[in-house]
Each structure stands twice: as C-alpha cells, then as structure tokens.
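Asks: Structure in structure tokens, see below.
The values are calculated or read from the model by the stated rules, or taken from the named source; none is laboratory data. Note that the structure is a prediction, hence the values are computed from the model and not measured. Backbone-built Cβ (ideal geometry, glycine too); neighbour counts: all protein chains shown. Ligands, DNA and RNA are stripped out before the accessible areas are found, and what is left, the full protein with its side chains, is counted by its heavy atoms. Shrake-Rupley method; radii C 1.70, N 1.55, O 1.52, S 1.80 Å.
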Amino acid sequence: MAYETIFAHQQDSPVLTIELNRPDKLNAVTDVMISELKEVFKYAESDASVRAILLTGRGRGFCAGQDLNIARERPLEDGQFSFREHLTTTYNPLILRMRQLPKPIIAVVNGVAAGAGMSMALACDFRIAAESASFLQAFVRIGLIPDSGSTWLLQRLVGMTRALDLAMTGRKITAHEALDWGIVNQVLPDADLIPAAQQLAAELAAAPTKTLGYIKRAFDFASTSTLAEALDNEADLQEIAGRTADHQEGIAAFLDKRPAQFKGE
Ligand code: LHQ
C-alpha cells in the first residue's frame with residue numbers, strides 16, 4: 001500500500017499497522033493525510049483479512065494535530081477557508097469511520113498527541129502509551145475549541161471536570177497522568193511499546209472479530225441511549241452475534257475443553 005503521508009503494512013498477518021509518516025513535523029495532519037487515513041481505514045473495514053489495526057507515529061511524535069501551516073496558506077480574509085467545511089469534509093468523516101469500523105483499533109502513542117492528534121487517539125478502542133508520550137488539547141492555545149470528536153470522546157473517558165480542565169488550559173499531561181485519568185489503558189517503557197502493541201493486536205486478531213465489532217457498536221450506542229434502549233439494542237446485536245460461526249466455535253471449544261479457534265466469521 002503506497003501512500004505519501006502514512007505507511008501501511010500487513011505482511012501476511014491479520015494485523016494492519018498504520019504509521020503516520022511526517023516525522024519532521026511530529027506527524028502533523030494535512031488534507032492528504034486525512035484522505036489517506038480514510039482510504040486505509042476503508043480497506044481495513046472491507047478486507048476480511050484485517051482483524052485488528054495498530055495506529056502509531058513515526059519519529060518522536062504520535063501526532064501534533066492539524067498542520068498549522070495551513071493557517072498561513074489559507075488566510076481567513078480571502079473568504080476561501082471555512083473551518084466548518086474543513087471539519088465536515090475531513091476530520092469528521094475520518095473520526096466517524098474509525099468509530100464505526102467494526103474491528104479493534106489500537107492507538108500506539110509513541111510521543112506527543114496534540115489537538116486533533118489526541119482526538120484521533122481518543123477515537124481508537126485501546127490506547128497504549130510510551131513513558132515519553134504526552135497528551136494535550138492544544139486547540140485553546142491557538143484560540144480554537146476541541147474538535148475532531150474531542151468534546152464527545154474526552155468527556156466520556158474522563159468526565160466533565162477533567163475534560164474541561166484539559167480543554168480550557170491546553171496543558172500537557174504525561175503518559176502516567178493519562179493512565180491515572182483513564183485516558184490510556186497501559187504505559188510502557190519506550191522500548192517495550194511496539195512489542196506490547198503487537199502482542200495485544202495479535203490477541204485481538206485471534207478473537208471473534210465480528211463480535212468485537214458488535215461490542216464496539218453496542219457501547220457507542222449505549223453512551224447516548226437510555227437503559228431501555230441499550231437493553232433493546234443488546235438484544236438485537238446478540239441475535240446477530242449468536243448466529244456467528246465464532247459463537248458456535250466458542251461453545252464447542254468450551255464443551256470440548258480446548259482453546260477456541262476463532263476465524264472472525
Ligand atoms: C508542527 C506542528 C503542527 C505544523 C509541530 N503543524 N508543524 C482543525 C480544523 C482547522 C484548523 C485548525 O485545527 C484543527 C484541529 C487541530 O488539531 S488544532 C491544534 C493544532 N496543533 C497544535 O496547535 C499543536 C502545535 N504544536 C505544538 O504545540 C508543539 O509542537 C508540541 C507541543 C506538539 C510539541 O512540542 P515540541 O516537542 O517542543 O516540538 P516542536 O514544537 O519543536 O515541533 C517539532 C517540529 O514539528 C517543528 O518544526 P521545525 O521545522 O521547527 O523543526 C514544529 O514547527 C513542527 N510542528 N506541530 N501542528
């Protein structure tokens with residue numbers, strides 16, 4: 001898979017690795033990068049060989065958010081640049097695609113995750129961070145509000161008190177603070193990050209993939225529903241999960257007292 005701003009590889013494995021590849025700019029996001037991410041996530045969704053996805057950054061950063069050179073290239077005075085149009089055509093569909101992708105996405109946060117770079121990490125299902133990683137809602141530092149899903153995603157992860165603290169101060173927190181606050185699942189010594197991420201991805205890729213997709217869907221649905229609606233949605237999705245080959249395999253393996261061999265079907 002040849003791209004300009006990302007590097008994507010799978011190599012006969014069920015794990016697709018996506019690396020943001022603008023290391024000199026801490027992987028700051030350009031329109032091309034967003035298009036390429038949308039394309040690679042579309043591939044990840046449609047290709048049955050992909051059963052887990054790793055998202056990381058090359059170099060010392062994870063992602064520094066929007067490439068701010070765009071602000072110089074597109075002065076507001078000329079009336080050509082619309083923040084609304086930019087967001088609704090770039091980040092918003094990307095974040096929705098990530099949340100709606102019925103397979104697990106792991107953010108492997110190797111360094112700083114700022115602005116929309118932090119939003120992208122929040123849109124993943126797991127976040128594992130290197131000890132040297134850090135997180136900041138950088139938006140306010142340049143007079144903007146959190147976007148690309150941060151108002152929704154961050155609040156759900158840490159609650160309103162902490163979300164407003166990060167959003168209004170724009171302060172940088174360490175990987176360990178992010179762990180204390182429940183923003184990340186795990187913090188690892190830098191050298192252990194990639195092997196640990198690959199191990200987690202391999203475990204998830206051996207899980208009943210379709211069911212992981214239904215789990216993701218059920219939790220996102222429940223986060224904005226009533227209990228009654230969540231119960232009803234669980235019943236609908238269980239109806240589907242209960243008819244997968246992997247459910248049959250899970251039952252057979254339990255009764256045979258052997259490890260299950262899920263195929264993602
Ligand atoms: C960068 C960037 C960057 C370009 C580092 N752009 N070059 C949506 C809709 C529309 C418009 C606006 O935005 C959005 C969503 C957003 O994401 S808004 C938030 C945008 N991001 C930021 O405001 C973060 C800006 N970056 C920083 O504050 C710092 O770079 C952080 C705290 C991330 C890292 O600091 P350091 O570790 O000290 O690194 P550095 O600042 O020295 O950066 C290294 C290089 O990367 C440097 O380039 P240079 O050529 O001088 O070596 C930076 O200019 C470049 N870089 N972020 N967002």
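Asks: Tell me the residue from LEU193, LEU212, LEU179 that is outside any loop (DSSP other than H, G, I, E, B), of a type in the set (A, V, I, L, M, F, W, C), open to solvent by less than 70 Å² (accessible area, probe 1.4 Å) and in contact with a Lys or Arg (Cβ under 7 Å, 6 or more places away or on another chain), please.
Replies: Going through LEU193, LEU212, LEU179 in turn, the sole match is LEU212.
Asks: Go through (1) open to solvent by 10 Å² or more (accessible area, probe 1.4 Å); (2) within 13 Å of the ligand (Cβ to nearest atom) one by one and return the number of the condition ALA133 breaks.
Replies: Unmet for ALA133, out of (1) open to solvent by 10 Å² or more (accessible area, probe 1.4 Å); (2) within 13 Å of the ligand (Cβ to nearest atom): (1).
Asks: So, one more: Name every residue in segment 17-34 that is within 11 Å of the ligand (Cβ to nearest atom) and among the charged types (D, E, K, R), in order of residue number.
Replies: Residues satisfying the conditions are ARG22, ASP24, LYS25, ASP31.
Asks: Exactly one of (1) more than 16 Å from the ligand (Cβ to nearest atom); (2) within 16 Å of the chain's Cα centre (by Cα); (3) among the polar types (S, T, N, Q); (4) within 27 Å of GLN66 (Cα to Cα) is unmet by THR161. Its number?
Replies: The single condition THR161 does not satisfy is (2).
Matching residues to (1) open to solvent by 10 Å² or more (accessible area, probe 1.4 Å); (2) touching a residue at least 24 places away in the same chain (Cβ under 8 Å); (3) outside any loop (DSSP other than H, G, I, E, B):
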{"site": "SER13", "(1), (2), (3)": "yes, yes, no"}
{"site": "GLU19", "(1), (2), (3)": "yes, yes, yes"}
{"site": "LEU37", "(1), (2), (3)": "no, yes, yes"}
{"site": "PHE41", "(1), (2), (3)": "no, yes, yes"}
{"site": "LEU55", "(1), (2), (3)": "no, yes, yes"}
{"site": "PHE62", "(1), (2), (3)": "no, yes, yes"}
{"site": "ARG72", "(1), (2), (3)": "yes, no, yes"}
{"site": "LEU87", "(1), (2), (3)": "yes, yes, yes"}
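Asks: Have a look at GLY143, GLY117, GLY149 and point out the one that is of a type outside the set (A, V, I, L, M, F, W, C) and within 9 Å of the ligand (Cβ to nearest atom).
Replies: Just one listed residue meets the conditions, GLY117.
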